[in-house]
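A short write-up of the structure that comes next.
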Amino acid sequence: MKILSLGGAGAVSVHGCFPPHVMRLTKAMLESGLYSQEQVTIHGVETTPFDTMFELLLRIPQSKKTPVWGYGLVVQVDGQQGGRQVRLTYQSRHPPQETWGGSAAYYKNIAVPLSIGAQMIARGDVRPRGVLPPESALEPTLFFAELARRNIDIHEIKEELT
């Protein structure tokens, strides 16, 4: 097993993430100035673009629906591969809530990876001992294969950076 570590990383950050359609909407609203706290008058009422957007999103039914019910993870890595600057993005995907247990989909997406890790330890697939970060203890291809067997797929997107 090749042991990897984040020791050579230039920067590591963790950000919360919503389903892709929500992230696109959020980005468009940010770029359009809808998060502004500057006072504006709309139909004779003093408000801000942010407050107006917030109230609108609370009231429209579409904002309460999402095709992704459980949990998604996105990992993005910038670095060099084959002498070129690249960005690798990995996205986890699971079945829709309707086919993956309804409200249990969220909990399954948390419990399944934890269970796989425990099973890998029990089978002896984890050789290093002690308290270690997952990237140092688990063979990624084996772990991803176990996720896929349970209908959680990892999708890779590769971009060349200039």
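The values are calculated or read from the model by the stated rules, or taken from the named source; none is laboratory data. Worth saying up front: this structure is predicted, and the values here are computed from it rather than measured. Please note: Cβ atoms are built from the backbone with ideal geometry, for glycine as well, and neighbour counts cover all protein chains shown.
Just a few scattered comments:
- Of the criteria (1) surrounded by 14 or more Cβ atoms within 10 Å (Cβ to Cβ); (2) touching a residue at least 40 places away in the same chain (Cβ under 8 Å); (3) part of a helix (DSSP H, G or I), which one PRO113 fails: (2)
- Flag if ALA118 is within 23 Å of the chain's Cα centre (by Cα) and modelled with pLDDT of 85 or more: yes
- Among the conditions (1) closer than 30 Å to GLU160 by Cβ; (2) within 23 Å of the chain's Cα centre (by Cα); (3) surrounded by fewer than 14 Cβ atoms within 10 Å (Cβ to Cβ), the only one that GLN62 does not satisfy is (1).
- Cβ-Cβ contacts under 6 Å between residues 6 or more apart (or on different chains), taken from a first residue in region 141-162 that is farther than 12 Å from VAL112 by Cβ to a second residue that is assigned to a helix (DSSP H, G or I) and not basic (Lys, Arg), are listed as ILE154/PHE144.
- Test: residue in region 96-103 that is surrounded by 14 or more Cβ atoms within 10 Å (Cβ to Cβ) and within 30 Å of GLY83 (Cβ to Cβ): no
- The residues listed here are ARG84, ARG93, ARG59; of these, the one that is over 30 Å from ARG149 (Cα atoms), touching a residue at least 24 places away in the same chain (Cβ under 8 Å) and either outside the structural domain of PHE144 (by TED's automatic domain parsing) or in contact with a strand residue (DSSP E or B) (Cβ under 8 Å, 6 or more places away or on another chain) (or both) is ARG84.
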